[in-house]
Amino acid sequence: MSEPPAGAAALAASPPPSPLPAMTLLRVFARSLFLQASWNPQGMQNLGLAYALFPALKALYPDPDRQMAAVRRHLAFFNTQPYMAAAILGGVIHHEARIARGEEGPEVVVGFKAALMGPLAALGDGFFWLSLRPALGAFCAALVPVLDAWAAVLFLVLYNVVHLTLRAKLFRMGLRLGDRLVEAVAHAHLPAWGARLRTVGAASAGGAVAYLAISLGANQGGRVGNALAVGYLALGVLAYWLTSKRFGNYALLYLAAGLAVAAGALL
Amino acid sequence: MVDWSQVALAGVWGGLLALERRAFLQAMFSRPLVAATSIGLLLGEVESGLFVGMLLELFHLGAANLGAALPENDTIAATGCSAAAVGCALSTGGGGTPAIWALAIIMFGWLGALGRKIDRWLEPYNTRLSRKAVARAEHGELRRAVRQNLWGMWPHFLIYAALAGACTAVGFWVGPWVHQLPLPLVRGLAWAYPAMACGAAAIATRGSHARHSAAYAGATAAVVALVAVALSLRRGA
């Protein structure tokens, strides 16, 4: 993943450091891992956000009334991609620190969240849920016959190197840059990386069809091994065509099982 | 015979994986490939967990939790199927076979769809927690208000732990019956595993969300098939 140049430059330009101790920030980050613990259709991640921010708000507002007002404004509706939420959390602390110093009004942080949660959700969903995860899932699943259980370990390592690095980096960017984190995130070119990863996913899945058909067909088929391998390949092509016709995935899975059981029992 | 300590172990781990999927961390320990392999590792039959997980990883590859939309619960499908396959393999004493993996997936593959219904069913409980948190915050009980967040986890844990444990028990119970199935049916089940795997990989090709996915998948499949044929010819020569 390339370092966003504008983000790096902006970080180097160094806005004032956070007034909160590192331990408090670490607690906020750790609690942000529970962002979706009480996801609900009404406020979505509202409870998770308030839970994560609480140590910071407590430190920023010693006055109980101001503290209560701060917690209440973060119990309002909130929803974004959970990893990208790290950027918003950092940005919220940045703004809350300014509000605590009297440099801006509370409406700014409310506007900041409202403006960013949608775009960051779209960016995060596109990159993590629709690109990185399927690509690595297909790639590592295709490697199971070669790596055995290490394929699962490889999946975890590759995914989390990207996930945890980006999550920590986004939190730091939000904290230091506030509103300017938008530029920095834009320079990470996540959509372009996502498109490349999706190609890897499709290619891996195709390779998996062929490998599974040939190796498992030969192993299971005995004297009809070659015919079975060809049959499995044909089944893979048929399955792809059926999915393009919006044939249900479960129906397809059980149809494949039914055909194979019938063939095995009757041939 | 059912090994209840294995059932409890699978249940606790299945419950924790259900939490990891949605409530905490989301570092993909709950993905089918990892979840099923870890169940296999925990119960002492890695191979069954791994091959069930590989198939379900491909099957659920394209599912994504976007906005308020709920995808099928791939984690309970993986923990349930792998726990059943491992239980079955352990009770037969002969280890995992493609026939057992296929049987487990046929029996419990639909748990993903059930999991989605359960997730939806639990949402009103979390909405009540959210309202309670707002009410507590208005009374100045801030710490208790934000801690409502953690209460959202326990129903998920309990329900999915119970389901994973139940699947393990069913696996142990079904195992001895597999030996008594007619041979042609066992052969059919053994053939069903690769068939379902090929179907799942085809579903994964579409689930990759790539533009021109057919072209990339087709090209790779052709290369893999050619290499495999060349290798087998070389071995024959």
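The values are calculated or read from the model by the stated rules, or taken from the named source; none is laboratory data. Only a predicted model underlies this, so the values are computations on that prediction, with no experimental measurement involved. Virtual Cβ from ideal backbone geometry, glycine too; neighbours counted across all protein chains shown.
In summary, A:HIS163 fulfils each of the numbered conditions (1) facing chain B (nearest Cβ under 9 Å); (2) under 30 Å from A:ALA56 (Cβ atoms); (3) crowded, with 21+ Cβ neighbours inside 10 Å with the single exception of condition (3). Taking the stretch A:185-200 as the range and being out of contact with any Leu (no Cβ under 6 Å at 6 or more places or on another chain) and either part of a helix (DSSP H, G or I) or without any contact (Cβ under 8 Å) to a residue 60 or more places away in the chain (or both) as the test, the residues that pass are A:VAL185, A:ALA186, A:PRO191, A:ALA192, A:TRP193, A:GLY194, A:ALA195, A:ARG196, A:ARG198, A:THR199, A:VAL200. Looking across the stretch A:182-206, the residues that are among the hydrophobic types (A, V, I, L, M, F, W, C), more than 19 Å from A:ALA141 (Cα to Cα) and modelled with pLDDT of 90 or more come down to A:LEU190, A:ALA192, A:TRP193, A:ALA195.
Of all residues in the stretch B:125-169, those satisfying the criterion of being more than 7 Å from every other protein chain (Cβ to nearest Cβ), within 24 Å of B:ARG21 (Cα to Cα) and aliphatic (A, V, I, L, M) are B:LEU158, B:ILE159, B:ALA161, B:ALA162, B:LEU163, B:ALA164, B:ALA166, B:ALA169. When residues in the stretch A:136-160 are screened for being among the hydrophobic types (A, V, I, L, M, F, W, C) and under 18 Å from B:ARG21 (Cα atoms), 7 of them pass. Test B:LEU41 against the criterion of being touching a helix residue (DSSP H, G or I) at 6+ places or on another chain (Cβ under 8 Å), within 16 Å of A:ASP148 (Cα to Cα) and of a type in the set (A, V, I, L, M), and give yes or no. Spelling it out, B:LEU41 is indeed touching a helix residue (DSSP H, G or I) at 6+ places or on another chain (Cβ under 8 Å), within 16 Å of A:ASP148 (Cα to Cα) and of a type in the set (A, V, I, L, M). Scanning the stretch B:172-220 for residues that are outside any helix (DSSP H, G or I) and more than 7 Å from chain A (Cβ to nearest Cβ) yields a total of 6. A:GLU96 - would you say it is in a loop (DSSP other than H, G, I, E, B) and either on the phi < 0 side of the Ramachandran plot or more than 10 Å from chain B (Cβ to nearest Cβ) (or both)? The answer is no for A:GLU96.
The single condition among (1) buried (at least 16 other Cβ atoms within 10 Å of the Cβ); (2) small (Gly, Ala, Ser); (3) part of a helix (DSSP H, G or I) that B:GLY96 does not meet is (3). Comparison of A:VAL144, A:VAL153, A:VAL109, A:VAL157 shows that the only residue that is among the β-branched types (Val, Ile, Thr), under 20 Å from B:LEU61 (Cα atoms) and crowded, with 16+ Cβ neighbours inside 10 Å is A:VAL144.
When the stretch A:45-80 is filtered for residues that are touching a Phe, Trp or Tyr at 6+ places or on another chain (Cβ under 7 Å) and either surrounded by fewer than 22 Cβ atoms within 10 Å (Cβ to Cβ) or at pLDDT below 95 (or both), only A:GLN67 remains.
Conditions (1) under 30 Å from B:LEU43 (Cα atoms); (2) in contact with a helix residue (DSSP H, G or I) (Cβ under 7 Å, 6 or more places away or on another chain), marked per residue:
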position	(1), (2)
B:GLY115	yes, yes
B:TRP121	no, no
B:HIS139	no, no
B:ALA164	yes, yes
B:GLN180	yes, no
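When the residues of the stretch A:212-253 are filtered to those that are of a type in the set (Ser, Thr, Tyr) and either in the same structural domain as A:LEU143 (by TED's automatic domain parsing) or surrounded by fewer than 24 Cβ atoms within 10 Å (Cβ to Cβ) (or both), the one that is farthest from A:VAL146 (Cα to Cα) is A:SER244.
Looking only at the stretch A:197-234, count how many residues are charged (D, E, K, R) and within 7 Å of chain B (Cβ to nearest Cβ). Number of matching residues: 1.
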